[in-house]
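What follows is one structure encoded as structure tokens, with my remarks underneath.
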Amino acid sequence: MKLKLHWQIIIGMVLGLIFGIVAAYAGWGQFTTEWIAPIGIIFMNLLKVIAIPLVLGSLISGVASLSDLKKLSRIGGKTIAIYITTTAISVTIGLIAVNVLKPGNSVPVDMRTKLQSTYQKDVTQKETAAQAAKERGPLQPLVDMIPSNITSAAGSNSNMLQVVFFAIFIGIAVIQVPAKQAAPFLKFFNGLNDVVIRMVDNIMLLAPYGVFALLANTINLVAKDNMAQVGELLGALGFYCITVVMGLLVQMLIVYPALLTFFSPVRLTTFLKALGPAQLLAFSTSSSAATLPVTMERCEKNLGLSEEVSSFVLPLGATINMDGTALYQAVAAVFIAQTLGLQLGIGAQLTIIFTAVLASIGTAAVPGAGIIMLVIILEAISVPSAGIALILGVDRILDMCRTVTNVTGDATVATVVAATEGQLGEVHIDE
Ligand code: ASP
């Protein structure tokens with residue numbers, strides 16, 4: 001009997017974890033970098049290379065299949081409103097958790113000094129990146145959304161929002177052209193869509209090996225051939241990590257299930273079974289963009305969402321909806337303030353809610369992007385941004401966790417939008 005995909009992925013992850021730990025103890029860091037890490041990179045690249053054709057193919061045919069523009073703006077408005085609401089709830093959960101548990105009060109002073117000096121070099125890099133993001137004017141995000149050249153927009157996955165915009169723009173024009181004239185154009189994109197979905201299936205055959213390599217290499221990067229250092233880090237920052245993870249779990253086990261229960265007929269177990277492989281992949285790759293092809297496939301094929309809704313809501317979500325990231329940014333900001341002995345009043349906490357919602361929208365769907373935007377939040381509440389040195393050591397681990405929440409949030413909202421639009425078909429759980 002063939003093992004189901006999610007079991008194959010889980011086995012790959014566990015073996016990767018074990019290999020990573022053994023390698024760190026045995027000092028096989030270089031071997032892992034040279035011989036194991038490339039397999040993970042190949043797998044990630046395969047997923048990333050189909051993201052743009054997938055978004056173009058599915059979004060153009062999805063939008064074009066909407067019979068009128070009113071429907072498009074209704075679905076668009078609803079999607080963005082739910083995205084912002086879930087993100088605001090998520091930040092609030094993070095703030096409550098960090099204010100109640102106060103993880104910053106438990107970091108010993110000598111550890112604080114040690115962390116600050118160890119990660120000082122990395123801080124400067126992140127600060128420069130954040131500065132570049134901050135120097136842009138208030139309307140710059142809007143300007144950034146509109147590509148001036150489609151090939152350069154499609155040239156980098158970090159421009160996904162530009163591709164989403166361009167595809168919607170084409171889709172609208174297709175609706176406006178008489179159906180007979182638009183037919184050959186649409187036929188091509190429908191075909192492209194089917195071919196890309198087939199490619200996702202082929203890439204997923206590699207998933208167990210890919211996640212093995214990704215996890216083994218992550219441990220390698222975090223441990224740097226010194227497993228004792230990981231233990232020390234987790235000792236000092238364990239409570240902070242637990243606070244973030246607890247917040248993420250509340251969002252995933254209470255907020256999303258409540259949304260699904262109230263606004264859709266989909267049962268939580270069905271939802272989790274369908275989405276499982278995408279969540280595991282989000283954990284292994286730390287990238288919502290790399291996971292997008294699989295999220296879309298699982299939502300359409302297994303959860304029964306119409307292509308019209310999934311092709312619009314999910315790519316948009318992967319780029320702008322980051323509930324996990326926003327929650328983590330709120331916890332991290334307050335944690336740093338607590339560790340440095342700074343008091344944050346109610347005004348500062350409200351600023352965190354506002355800036356974390358905006359910062360998470362502006363966070364790219366790639367590994368490690370969340371911590372760059374965190375610098376901007378820290379500056380908004382006058383906490384020294386060098387404080388991120390305190391949390392850099394465990395950031396990759398938390399990145400894996402928050403990306404799972406990001407992807408789950410996108411799929412939840414897509415399911416709710418589909419259900420309320422009467423666009424939910426049959427569920428297929430077996431692979
Ligand atoms: N890695 C996250 C994602 O791709 C973004 C972040 O929080 O760093 O969703």
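The values are calculated or read from the model by the stated rules, or taken from the named source; none is laboratory data. Just so it is clear, the model here is predicted, and its values are computed rather than measured. Because the Cβ atoms are built from the backbone with ideal geometry, glycine has one as well, and the counts that use them run over all protein chains shown. Surface accessibility is based on the protein's heavy atoms, side chains included, excluding ligands, DNA and RNA. Shrake-Rupley method; radii C 1.70, N 1.55, O 1.52, S 1.80 Å.
Structure values in brief
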read-out	value
Principal axis dimensions, largest first and in whole angstrom, of the stretch 69-189 by Cα	73, 32, 28
Contact order normalised by residue count of the chain, Cα under 8 Å, 6+ apart, percent	32
Computed E for Asn105/Ala173 - FRET, C-beta separation, R0 56 angstrom, nearest 0.05	0.45
Dipole magnitude (debye, nearest 20) for the chain, charges at Cβ of Lys, Arg, Asp, Glu	260
P(r) histogram, all alpha-carbon pairs of the stretch 21-60 included - 5 Å bins from 0, percent	6, 21, 16, 14, 11, 9, 8, 7, 6, 2, 0
Extension gain, Ile346 back to Asn226 (0.36 nm per residue minus Cα-Cα distance, nm)	39.1 nm
Count of Lys pairs (Cα-Cα under 24 Å; at least 8 positions apart or interchain) in the stretch 92-232	7
Selection from Trp28, Ile39, Leu59 lying farthest towards where the dipole of the stretch 1-74 points positive, charges on Cβ	Leu59
For the stretch 174-254, the Rg and Dmax computed from alpha carbons only, in angstrom	23.5, 68
Percentage relative contact order, the stretch 99-251, counting C-alpha pairs under 8 Å, at least six apart	34
The chain, accessible surface, carbon-and-sulfur percent (1.4 angstrom probe)	68
Calculated log₁₀ intensity ratio I(q)/I(0) where the Debye formula runs over C-alpha points of the stretch 281-354, q = 0.20, 0.22, 0.23 Å⁻¹	-0.85, -0.94, -0.99
Given charges at Cβ of Lys, Arg, Asp, Glu: the stretch 159-248 dipole, positive-most of Val200, Val230, Phe189	Phe189
Peptide ranges 186-195, 325-334 listed from the most packed, as the mean C-beta count within 10 angstrom indicates	325-334, 186-195
Semi-axis lengths, Å, the chain, gyration tensor of Cα atoms, sqrt of 5 times eigenvalues	36, 25, 20
Segments 341-347, 403-409, 10-16 sorted - mean Cβ within 10 Å per residue, highest first	403-409, 10-16, 341-347
Convex hull of Cα atoms in the stretch 63-131, direction-averaged projection (nm²)	8.4
Ordering of 306-315, 413-422 by burial proxy (mean other Cβ atoms within 10 Å per residue, highest first)	306-315, 413-422
Rounded if a/c under 1.5, otherwise prolate or oblate - the stretch 13-101, Cα gyration tensor axes	oblate
